[in-house]
1. Can you tell me the order of 63-76, 10-23 when each peptide is scored by its average per-residue count of other Cβ atoms within 10 angstrom, highest first?
2. Hey, fewest Cβ within 10 Å first, where do Trp103, Trp27, Trp108, Trp115 land in order?
3. Please list, ordered by chain and number, the residues whose modelled amide H lies under 5 Å from the amide H of Gly114; skip anything fewer than 5 residues away on the same chain.
4. Quick check for the chain: number of Lys pairs with alpha-carbon distance under 18 Å, counting only pairs 8 or more apart or on different chains?
5. Mind running the shape call on the chain? Use the C-alpha gyration tensor, a ≥ b ≥ c as the square roots of the eigenvalues: rounded below 1.5 for a/c, prolate if a/b tops b/c, oblate otherwise.
6. Explain nothing, just compute: Karplus ³J(HN,Hα) = 6.51 cos²θ - 1.76 cosθ + 1.60, θ = phi - 60°, for every residue of segment 4-15 in order, whole Hz, x for Gly and Pro.
7. Tally Lys and Arg at +1 and Asp and Glu at -1 over the other residues with C-beta under 10 Å from the C-beta of Asp50: what net charge comes out?
8. What does the net charge come to around Val122 if you take all other residues with beta carbon closer than 13 Å to its beta carbon, with K and R at +1 and D and E at -1?
Amino acid sequence: MVRDAEGTARSAEQSATYTPPGMCLQWSRTRADIAALFPDAATAWKHALDRHKGDTKPPRGAMCYWLGGSKGYGHIAVSLGGGQVRSTDVPTGGKIGTVPLAWFEQHWGLPYAGWADNVNDVRIPGVGAEMNEDDWARMEKLIQRVWTDKMTVTQPGTGEDTQKARQQVLRELWQKVTRAT
C-alpha cells in the first residue's frame, strides 16, 4: 500500500545511510512504497502528473526532480518540507543525506525541474494537502477582492436584497454550520 506524504517523508528521514550510487529513483519511490515503472528520474518527471515546474517550495512528502546529468538520467529526492530534501548520493556517491533543495544545482549543476505529488504514475496521498504561507496570502487577497465591508445578501423566501456587514454574514454562517453539525 502506498504511503501518504507524512509516511513517505518519515521513511526518507529514517532510512539507512547507504544505497548503491545512481539509484535515486529506486530509493525515492520505495520511500512511498511505489513499484518500479520508469528507468530514470528524468523519464519519471516527463510522465509525472500535475507537475509544479520550477516551484521551489515543495510540500513535505513530494517528489522533487532535477534534469540533466552526464547521461541525462536526472535526479529525484524526497521533500522534507522547509526547503530540505532527503536524497541518495549526498554528500558523496552511495551516501544518503539531507540537503537544501538548491544543493544539486550548486554542486552538480543540475537544473531544478520542479516537484510532483506522484512518481511512476502513482499519487502520494496528502502531498500539498496543508495550506502553506503562500496559499494563505492568496486566500486573503481573494477575500479582500471579493468581500467589501458590506455585502448584498438575498433573503431566503422573499428574494429581497439587503446590505449586511461582513462580520454579521460570517456570524450567521457560523451559527448555521454549528447548528447543522
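Coordinate-derived values only; no laboratory data. Computed from a prediction, not measured in an experiment: that's the story for all the values here. Note: ideal-geometry Cβ built from the backbone for every residue, glycine included; neighbour counts use all protein chains shown.
1. 63-76, 10-23
2. Least crowded to most crowded, the residues run Trp108, Trp103, Trp27, Trp115.
3. Close amide H contacts, sequence-distant or interchain: Gly54, Tyr65.
4. Lysine pairs meeting the criterion: 4.
5. Note, shape of the chain comes out prolate.
6. The phi angles translate into 7, 4, 5, x, 5, 5, 4, 4, 5, 5, 9, 6 Hz.
7. Net charge around Asp50: +1.
8. Net local charge, Val122 excluded: -1.
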